[in-house]
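Before any comments, here is the structure.
The values are calculated or read from the model by the stated rules, or taken from the named source; none is laboratory data. For clarity, every value in this text was computed on a predicted model and none was experimentally measured. Quick reminder, even Gly has a Cβ in these numbers, built from the backbone with ideal geometry, and neighbours come from all protein chains shown.
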Amino acid sequence: KAGVTQTPRYLIKTRGQQVTLSCSPISGHRSVSWYQQTPGQGLQFLFEYFSETQRNKGNFPGRFSGRQFSNSRSEMNVSTLELGDSALYLCASSLGDSSEAFFGQGTRLTVV
Amino acid sequence: KQEVTQIPAALSVPEGENLVLNCSFTDSAIYNLQWFRQDPGKGLTSLLLIQSSQREQTSGRLNASLDKSSGRSTLYIAASQPGDSATYLCAVSYYSGGSNYKLTFGKGTLLTVNP
């Protein structure tokens, strides 16, 4: 059974640009969550989608947004990139509430 | 606000040793607790999931316990091997305004097993 797939694996962007990251969850999983991981802050919750609805959002500026499609695939978008947005962005999928979370390999974003 | 703390931050042990990693959380109203492993630059691999109604879970050489009332969990690794070297992360899920599914992570324990 295929795991969680994130694309691309690596990205280098310039300050001020925007970026879109993609996440394909495990087949049958309807919940997709996004996390940002940095050496200083660790793993921080960005948002969670379930059946195309954003159910929860972390404490990040409005430049961070996301969406989920009818096939449960999810995208997150970061506009007006800042140097501090450089991080590993991780996506997790699960069947739903209180279920085991499975993570993808992440997208390493570097902003220069 | 839920906070998760992991002690120690780093641990170095010789191969073959049994070891315990600790995790504590401030709000006992959790739904479950999950232990993950992360290799450098990689994603997270789920090791064990303990539901709030359970006391422990076992998988191979790993055993995780949960004491919800005291806000503590431990991950026991038996007969450690160099391949166990990684960062171990603890995360709790709890109700957060509209969704059950929000994980709060500790900062992790960096484990090094020396041959």
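Quick one: would you say B:N63 is touching a strand residue (DSSP E or B) at 6+ places or on another chain (Cβ under 7 Å), surrounded by fewer than 19 Cβ atoms within 10 Å (Cβ to Cβ) and closer than 22 Å to A:G42 by Cα? Quick ask: steps written out before the conclusion?
Numbers: touching a strand residue (DSSP E or B) at 6+ places or on another chain (Cβ under 7 Å): yes; surrounded by fewer than 19 Cβ atoms within 10 Å (Cβ to Cβ): yes; closer than 22 Å to A:G42 by Cα: no.
Here the answer is no, as B:N63 does not meet what is asked.
Can you name every residue in the range B:49-96 that is free of Cβ contacts under 8 Å to residues at least 24 places away in the same chain, among the basic types (K, R) and within 14 Å of B:Q34 (Cα to Cα)?
If the condition is that a residue be free of Cβ contacts under 8 Å to residues at least 24 places away in the same chain, among the basic types (K, R) and within 14 Å of B:Q34 (Cα to Cα), then B:R55 is the only one that fits.
Could you tell me which of the residues A:N71, A:N59 is within 11 Å of another protein chain (Cβ to nearest Cβ) and either among the polar types (S, T, N, Q) or in contact (Cβ under 8 Å) with a residue 60 or more places away in the chain (or both)? It would help to see each step written out before you state the result.
Details: A:N71 fails: within 11 Å of another protein chain (Cβ to nearest Cβ).
Only one candidate passes the filter, namely A:N59.
I'd like the full set of residues that are hydrophobic (A, V, I, L, M, F, W, C) and either free of Cβ contacts under 8 Å to residues at least 60 places away in the same chain or not in a strand (DSSP E or B) (or both), limited to the range B:23-32.
Looking only at the range B:23-32, we keep the residues that are hydrophobic (A, V, I, L, M, F, W, C), and these are B:23, B:25, B:29-30.
Result: B:A29, single match.
Matching residues to (1) at pLDDT 95 or above; (2) under 17 Å from A:Q105 (Cβ atoms):
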| site | (1), (2) |
| --- | --- |
| A:K1 | no, yes |
| A:R9 | yes, yes |
| A:Q17 | yes, no |
| A:S22 | yes, yes |
| A:G40 | no, no |
| A:N59 | no, no |
| A:G62 | yes, no |
| A:R67 | yes, no |
| A:G84 | yes, no |
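Which of the residues belonging to the range B:90-107 are modelled with pLDDT of 95 or more and within 7 Å of another protein chain (Cβ to nearest Cβ)?
Answer for the range B:90-107, where residues must be modelled with pLDDT of 95 or more and within 7 Å of another protein chain (Cβ to nearest Cβ): B:F105, B:K107.
For the condition farther than 22 Å from A:S94 by Cα, surrounded by fewer than 20 Cβ atoms within 10 Å (Cβ to Cβ) and within 14 Å of another protein chain (Cβ to nearest Cβ), what is the one hit in B:P82, B:P40? Before the answer, list the steps.
Working: B:P82 fails: within 14 Å of another protein chain (Cβ to nearest Cβ).
Checking each option against the conditions leaves just B:P40.
Here is a yes/no grid of residues against (1) closer than 18 Å to A:E48 by Cα; (2) out of contact with any strand residue (DSSP E or B) (no Cβ under 8 Å at 6 or more places or on another chain); (3) modelled with pLDDT of 95 or more:
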residue: A:N77; (1), (2), (3): yes, no, yes
residue: A:L81; (1), (2), (3): no, no, yes
residue: A:L88; (1), (2), (3): yes, no, yes
residue: A:A92; (1), (2), (3): yes, no, yes
residue: A:S98; (1), (2), (3): yes, no, no
residue: A:G106; (1), (2), (3): yes, no, yes
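I'd like to know if the range A:22-45 contains one or more residues that are polar (S, T, N, Q), free of Cβ contacts under 8 Å to residues at least 40 places away in the same chain and closer than 21 Å to B:S93 by Cα.
At the first step, the residues of the range A:22-45 found to be polar (S, T, N, Q) are A:22, A:24, A:27, A:31, A:33, A:36-38, A:41, A:44.
Remaining after also requiring free of Cβ contacts under 8 Å to residues at least 40 places away in the same chain: A:27, A:41, A:44.
Filter again for closer than 21 Å to B:S93 by Cα, leaving A:41, A:44.
The answer is yes; a qualifying residue exists.
Of all residues in the range A:90-112, which are in a strand (DSSP E or B) and either polar (S, T, N, Q) or more than 14 Å from chain B (Cβ to nearest Cβ) (or both)?
Initial filter on the range A:90-112 (in a strand (DSSP E or B)): A:90-94, A:102-103, A:107-111.
A:S93, A:S94, A:T107, A:T110, A:V111 - these are the residues of the range A:90-112 that are in a strand (DSSP E or B) and either polar (S, T, N, Q) or more than 14 Å from chain B (Cβ to nearest Cβ) (or both).
Please tell me if A:T80 is within 23 Å of B:P40 (Cβ to Cβ), touching a residue at least 12 places away in the same chain (Cβ under 8 Å) and either of a type in the set (V, I, T) or surrounded by fewer than 16 Cβ atoms within 10 Å (Cβ to Cβ) (or both).
no
I need the full set of residues from the range A:38-56 which are of a type outside the set (F, W, Y), more than 9 Å from chain B (Cβ to nearest Cβ) and buried (at least 18 other Cβ atoms within 10 Å of the Cβ), in order please.
Of everything in the range A:38-56, just one residue is of a type outside the set (F, W, Y), more than 9 Å from chain B (Cβ to nearest Cβ) and buried (at least 18 other Cβ atoms within 10 Å of the Cβ), namely A:L46.
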